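Below is one structure, written out as structure tokens; the observations come after it.
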Amino acid sequence: MKLIVRHFYLLLLSLALLILVFCLGFLGSYLAVGPDIPNVDSLRDTRLQTPMSVYSNNGQLLAEYGQKRRIPITLDEVPQDFINALIATEDQRFFEHSGVDFVGVGRAAINLINTGRKSQGASTITMLVARNYFLTRQRTFKRKITEMFLAWRIESELSKNQILELLLNKIPFGHRAFGLGAASQVYYGKELKQLTLSQLAVLAGIPKGQSKYNPISYPENALNRRAHVLNRMLEEGFISDDEFQSASKAPITAKFHGADVVVDAPYFTEMVRQEVVRQFGIDTAYNFGLKVYTTLDIDLQSTAQMALRKALISYDKRHGYRGPEQTVESFSEKTEDELLDILGEIEIVADLEPAIVLEVAENSIKVLKRNGDKGEIAWSEMAWAAPFISDDRIGAKPKQPSDVTNAGDLVRVQSFGKEGKLGFFQLPQVNGAFTALSPQNGAVLALVGGFDYNNSKFNRAVQAKRQIGSSIKPFIYSYALEQGYTAASIVNDAPITLKDVGNEGMWRPKNDSGKYKGLLPLRTALRLSINTISTRLVQDLGIQSTKNYLTQFGFAPENLPETGSLALGAADYSPLQLATAYATLANGGFGIESYFIRKITDSNGNVLYESAPKIVCETCLKDQIPLELPNNNLNLTTNDENAHATTIEVVQEEKPVIYTIPELDPDAIISGFPKRPVAPSQVAERKIEERNNYIITHMMRDVIKRGTATRTINNMRPELFKRNDLAGKTGTTNEARDAWFSGFGGNYVATAWVGFDDHSRGLGRNEYGGKAALPIWVDFMWHALKDMPSKLSKQPANIVMAKIDPKTARLATSQTPNPQFEIFRVEQAPKELSEPEPIIETNPFDAAEPAEDLF
């Protein structure tokens with residue numbers, strides 16, 4: 001009996017010692033890791049790293065930028081089947097333990113004793129939260145102990161549902177998807193509520209090893225892991241046998257789904273990304289879930305991109321075929337799989353797919369496409385491919401497919417038509433840019449910076465500074481009107497020789513045609529883009545004063561030359577800068593600035609930035625003052641320089657009354673003039689006198705109706721040509737290095753540019769703005785305006801129309817041949833009658849060109 005008592009006391013003592021050792025070990029462990037345990041309070045205000053989202057002007061997704069793709073969710077959005085799958089496979093006793101499952105700890109300890117290896121079998125869901133939010137995934141005893149203490153602390157301060165929600169928003173699922181919401185989109189392109197039991201089981205199996213069990217990279221591993229998850233759900237009673245059988249037989253359907261972008265606008269969204277990073281820094285831009293709302297119109301953007309690509313391909317075809325991109329060596333010995341491997345390394349550029357010619361027949365060729373499909377290209381689609389010799393010259397037209405290509409050549413193809421016929425193409429070497437704005441407030445509605453962003457990320461719409469050529473002439477003519485000229489003023493189109501101050505020699509500007517027409521009215525000179533007349537105007541007006549006038553349109557003075565070449569547009573600007581300048585002509589003469597970000601919010605919708613664009617509104621300040629208040633003693637002030645509202649202080653009976661004027665929503669003025677109050681700081685300043693702007697715009701309509709743009713517009717889109725509200729100007733620089741068209745109509749102003757990135761290379765003989773660049777503008781405007789009536793600007797007061805003799809600018813008589821109507825400012829209207837033209841005999845021995853003309 002005493003022996004039994006002794007053994008009992010020894011057992012109690014051993015147990016007490018064991019408990020003491022455990023307690024001391026527990027205390028020692030806590031003292032060792034305690035200082036490193038984070039404050040759990042931060043979990044309540046956890047900021048999940050979410051990407052920056054960029055949206056169009058109507059809220060549709062354009063792009064996402066960030067290191068992690070995440071879609072935050074709440075627990076009530078998670079299907080119960082997923083929660084059950086997670087509990088069954090990761091932590092069966094989750095709702096019972098207090099953060100650490102000692103049954104699991106014991107199992108892990110026994111496994112360590114038996115195998116000598118550390119195990120993670122003791123992890124709970126709470127411990128996973130601790131690890132994902134606070135700790136690393138490094139496998140050390142210290143981290144494991146810290147994880148356990150932190151799990152207890154989390155359990156003491158948060159509910160089980162809160163813990164689950166934290167885990168499901170944080171845990172990585174692979175392929176840059178963080179959190180269950182993003183995983184559902186990345187793997188299945190669906191919301192969680194749309195997923196089947198089989199798909200939920202696949203996702204529940206990924207956290208065990210995101211790189212090992214993700215169904216895209218390792219479908220077999222994912223299939224085996226899904227079977228384990230479904231088995232555990234069946235064993236735990238979460239699903240029936242029928243549900244188990246059905247889900248087990250379902251195929252693995254996961255595939256990668258990127259962000260659901262509605263339109264391809266990479267040049268534009270990259271501008272947005274750079275601006276947000278500049279304002280907020282990389283970390284905030286990429287990880288704080290910023291939502292950036294832009295001015296881009298997705299329909300107009302798609303139209304602009306298609307129009308640009310179409311025009312560049314047309315130019316490329318006009319200049320001949322440069323041959324295959326490459327020729328497959330030992331083609332006849334290659335298997336189809338080997339050919340597909342070659343094609344797999346070549347990118348699709350602007351929907352032009354790489355293909356290898358398999359066979360050349362009498363009237364067609366057969367090709368192998370990148371996706372493994374085979375197709376036939378008819379001879380009619382290849383007949384354009386005369387050999388390229390130079391930018392000015394092509395060879396003889398081919399007569400049959402063998403004159404163009406051979407088996408083994410790598411070419412470009414594109415499907416077209418309902419039947420999916422194939423066309424024969426090559427990648428253009430020429431490039432271009434296009435941008436369209438709202439002239440009322442400068443909102444960028446469409447912007448394309450090149451043929452294909454993946455092929456070249458250089459954004460020519462904003463980064464390319466090119467000579468604008470004759471595009472500058474409307475502004476020079478406007479200055480001439482400002483200084484007393486009229487649209488009917490007569491100037492001599494004749495050879496002119498000027499001193500070239502820069503080169504200490506003589507400068508002889510010439511017309512593109514090489515011909516001269518003699519005395520011409522300004523209207524005709526602008527319509528025909530006569531170089532000698534714009535040169536004479538600048539000489540008469542003064543180079544420096546002309547330069548000063550041009551700066552009010554936004555032309556940076558440092559880019560404007562102080563020589564006679566200013567008259568011919570020897571000034572470097574980007575397409576966006578030129579479109580912004582033309583917006584002043586389009587909106588009635590007011591200076592606006594282009595902008596492309598409307599507002600930026602954080603993930604909770606709090607506004608971090610909001611644009612305050614200049615807005616065309618002649619009567620805003622007058623309209624926003626209440627009519628019943630006296631209009632004297634008005635003191636207009638702004639709260640501060642960054643304020644988005646303005647206060648009007650009206651002194652009435654010696655008592656100030658304060659009225660607050662909210663900032664105008666830019667969306668409200670995309671069409672027409674704004675109807676709501678506008679802060680004074682946002683009211684666009686008039687840059688051109690109203691009548692001046694009306695006359696110069698009227699003259700620019702002649703460019704469309706009977707000038708350098710007429711043939712192209714009438715041939716391409718006759719219905720567009722019928723409109724009477726279109727105005728614009730072509731532009732071509734020396735040796736056709738740059739081709740431009742800028743113009744406006746309806747609610748849009750747009751600029752198109754075509755050229756080579758290599759400044760020394762010209763577009764070739766017979767290429768000019770009306771041929772190379774104008775087609776982009778035409779296709780865009782035709783689509784943008786097809787459902788809109790013509791929108792002519794209102795004729796200002798003190799404008800009169802007179803029937804004149806275009807040769808003398810005097811009033812026409814019944815004997816005047818070919819009289820024309822012209823518009824004038826009332827004080828400049830002609831008063832003298834034209835006389836019959838006398839017969840003048842010309843001395844055939846007169847010099848054709850004067851030695852010097854300093855007009």
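The values are calculated or read from the model by the stated rules, or taken from the named source; none is laboratory data. Please read these numbers as outputs of a predicted model, since none were measured by experiment. Ideal geometry is used to build each Cβ from the backbone, glycine not excepted, and the neighbour counts take in all protein chains shown. Side chains are part of the model used for accessible areas, which takes the heavy atoms of the whole protein and leaves out ligands, DNA and RNA. Shrake-Rupley method; radii C 1.70, N 1.55, O 1.52, S 1.80 Å.
The table for this structure:
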quantity	calculated
Segment 408-455: number of residues that are among the acidic types (Asp, Glu) and out of contact with any strand residue (DSSP E or B) (no Cβ under 6 Å at 6 or more places or on another chain)	1
Failed condition for residue 388, given (1) open to solvent by less than 50 Å² (accessible area, probe 1.4 Å); (2) not in a loop (DSSP other than H, G, I, E, B)	(1)
Residues of segment 319-351 classified as hydrophobic (A, V, I, L, M, F, W, C) and open to solvent by 50 Å² or more (accessible area, probe 1.4 Å), total	1
Residue satisfying all of: in segment 192-205; touching a residue at least 60 places away in the same chain (Cβ under 8 Å) and either part of a loop (DSSP other than H, G, I, E, B) or touching a Lys or Arg at 6+ places or on another chain (Cβ under 9 Å) (or both); surrounded by the most Cβ atoms within 10 Å (Cβ to Cβ) among these	201
Of all residues in segment 252-285 being free of Cβ contacts under 8 Å to residues at least 60 places away in the same chain and among the hydrophobic types (A, V, I, L, M, F, W, C), the one that is most open to solvent (accessible area, probe 1.4 Å)	282
Candidate set: segment 587-632, residues that are at pLDDT below 90 and of a type in the set (D, E, K, R); chosen: the one farthest from residue 277 (Cα to Cα)	628
Residue count for segment 506-529, restricted to those that are open to solvent by less than 80 Å² (accessible area, probe 1.4 Å) and in a strand (DSSP E or B)	4
Residue selected from segment 220-252 under the condition outside any helix (DSSP H, G or I) and aliphatic (A, V, I, L, M), by the criterion farthest from the chain's Cα centre (by Cα)	239
Wholly within segment 530-611, helices (runs of 4 or more DSSP H) carrying at least 1 residues that are farther than 26 Å from residue 748 by Cβ and of a type in the set (Asp, Glu)	531-541
Unmet criterion (only one of (1) touching a residue at least 60 places away in the same chain (Cβ under 8 Å); (2) farther than 30 Å from residue 509 by Cβ; (3) part of a loop (DSSP other than H, G, I, E, B)) for residue 463	(2)
Pairs where the first residue, in segment 70-93, is in contact (Cβ under 8 Å) with a residue 12 or more places away in the chain and the second is of a type in the set (Lys, Arg), C-beta under 6 Å, 6+ apart	88/232; 89/232
Candidates 542, 502, 484, filtered to the one that is open to solvent by 10 Å² or more (accessible area, probe 1.4 Å) and at pLDDT below 95	502
Number of positions in segment 703-733 that are over 15 Å from residue 772 (Cα atoms) and open to solvent by 30 Å² or more (accessible area, probe 1.4 Å)	9
Qualifying residue in segment 572-595 (condition: open to solvent by 20 Å² or more (accessible area, probe 1.4 Å), free of Cβ contacts under 8 Å to residues at least 24 places away in the same chain, in contact with an Asp or Glu (Cβ under 8 Å, 6 or more places away or on another chain) and of a type outside the set (Asp, Glu))	no
Those residues of segment 206-219 which are open to solvent by 40 Å² or more (accessible area, probe 1.4 Å), in contact (Cβ under 8 Å) with a residue 40 or more places away in the chain and not in a loop (DSSP other than H, G, I, E, B), in sequence order	208
Extreme residue, surrounded by the fewest Cβ atoms within 10 Å (Cβ to Cβ), among residues of segment 773-811 that are in contact with a Phe, Trp or Tyr (Cβ under 9 Å, 6 or more places away or on another chain), aliphatic (A, V, I, L, M) and over 28 Å from residue 521 (Cα atoms)	785
Residue selected from segment 470-481 under the condition farther than 30 Å from residue 269 by Cβ and of a type outside the set (A, V, I, L, M), by the criterion most open to solvent (accessible area, probe 1.4 Å)	479
Only one of 130, 151, 183 that is among the small types (Gly, Ala, Ser), part of a helix (DSSP H, G or I), at pLDDT 85 or above and surrounded by 22 or more Cβ atoms within 10 Å (Cβ to Cβ)	183
Segment 286-302: number of residues that are farther than 30 Å from residue 781 by Cβ and either among the hydroxyl-bearing types (Ser, Thr, Tyr) or open to solvent by 40 Å² or more (accessible area, probe 1.4 Å) (or both)	3
Only listed residue being polar (S, T, N, Q) and modelled with pLDDT of 95 or more, chosen from 760, 790, 742	742
Residues (of a type in the set (Ser, Thr, Tyr) and either part of a strand (DSSP E or B) or within 15 Å of the chain's Cα centre (by Cα) (or both)) located in segment 407-458	415, 435, 453, 456
Identity of the residue in segment 179-219, more than 19 Å from residue 250 (Cβ to Cβ) and small (Gly, Ala, Ser), that ends up farthest from the chain's Cα centre (by Cα)	209
